[in-house]
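Please treat every number below as a calculation from the coordinates, not as lab data. In this text, all values refer to a predicted model and were calculated from it rather than measured experimentally. All Cβ positions, glycine included, derive from the backbone under ideal geometry; neighbour counts span all protein chains shown.
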């Protein structure tokens, strides 16, 4: 496969759901790889006609031809460096996370539904505090691909038309592609990268979520919401995978995003 480093800029806030804490719909502090893959599927399926069969075809094409990796917030202080979701959580919360109140409406009487007030946490489109306040938020990561064209269009074109995360109805999730580089030899500055995957040494930190190859960490269940043919989007829960966050590498290894549906996009040792 070929590798490309991608950098995206936010055109709106984005909400990457990580569960709820009371009335707060929490956001991840990075973009898990399956979000990137599913955004490609949704964009391609819609362009092909928007029917169920079109999305099924798009899913097959994305799974067969790409391995999308996670995207991380670019550190505004240090150009080209990323923020680790867990290790740098305090800095991310201070500089990038915002929240807004929402309510579900009863269309019959044009009033709010009892108990339906909630708050959505999101990654802000601009740095919200500190020396770099107002600077556009950027995301950096990469993907592996067999062919640069997918369903008749370049991957760059598809990525530039993607919407990320949830709460799209309220204008969240808009991004644009800043760069798509195929001559980069590292994954967002983390370690050597090639057609085989991301190469890291013992005790290097692997940001994001990984299935194996790490040590001295706890593993947590990793589930997502899926499309249900009868009930609609987000009404089915995926099989749980068990992952570690921002974990140290046990021994030198090469990692790729997993292609199994229940752990789609989670880092996995390949050699």
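Which one of 136, 78, 86 has the biggest mean-square fluctuation once the chain is modelled by GNM with Cα springs under 10 Å?
Of 136, 78, 86, the Gaussian network model singles out 78 as fluctuating most.
Which order do 145, 30 fall in if you start with the one that has the fewest other Cβ atoms within 10 Å? Don't jump to the answer; show the numbers that get you there.
Working: 145 19, 30 28.
With the sparsest Cβ surroundings first, the list reads 145, 30.
Grab the beta carbon distance between residue 147 and residue 18, set R0 = 41 Å, and tell me the FRET efficiency rounded to 0.05.
Details: r = 33 Å, r/R0 = 0.80.
E(calc), rounded to 0.05, equals 0.80.
Out of all DSSP beta bridges with both ends in segment 2-269, state the antiparallel percent to the nearest 5. Intermediate values should be presented prior to the final figure.
Working: 62 of 65 bridges.
About 95 percent, rounded to the nearest 5.
In nm, give the distance between the simple-model label positions of residue 64 and residue 179, each being 7 Å from the Cα along the Cα-to-Cβ direction.
Placing both labels 7 Å beyond Cα along the Cβ direction yields 3.3 nm.
Calculate, for residue 195 and residue 100, the FRET efficiency according to 1/(1 + (r/R0)^6) with r their C-beta to C-beta distance and R0 41 Å; round to the nearest 0.05. Before the final figure, lay out each step's value.
On the way: r = 42 Å, r/R0 = 1.03.
Working from the Cβ atoms, E equals 0.45.
If each DSSP helix of 4+ residues adds -39,500 (n - 2.57) and the sum is divided by the residues in the chain, what number results at 222 nm, nearest 500 deg cm²/dmol? Write out the running numbers ahead of the final one.
On the way: 4 runs with 43 residues, N = 271.
The helix-only estimate for the chain comes to -5000 deg cm²/dmol at 222 nm.
What full-extension length gain, to one decimal in nm, is calculated for residue 132 and residue 89 as 0.36 nm per residue of separation minus the Cα-Cα distance? Don't skip to the answer; put the middle values down first.
Details: separation 43, 0.36 × 43 = 15.48 nm, distance 1.74 nm.
That works out to 13.7 nm of additional length.
With each label point set 7 Å from Cα along the Cα-Cβ vector, what nm distance links residue 262 and residue 223?
1.2 nm
Using a 7 Å offset from the Cα along the Cα-to-Cβ direction at both residue 168 and residue 204, what is the distance between the two label points in nm, to one decimal?
If labels sit at residue 168 and residue 204, their model points lie 3.5 nm apart.
Test of understanding: ordering 187, 245 by Cβ neighbours within 10 Å, fewest first, what list do you get? Walk me through the numbers before you get to the answer.
Working: 187 25, 245 22.
Exposure proxy ranking, most exposed first: 245, 187.
Can you compute the FRET efficiency between residue 77 and residue 54 using 1/(1 + (r/R0)^6), with r the Cβ-Cβ distance and R0 = 35 Å? Round to the nearest 0.05. Kindly include the intermediate steps, with their values, before the conclusion.
Numbers: r = 43 Å, r/R0 = 1.24.
That gives a FRET efficiency of 0.20.
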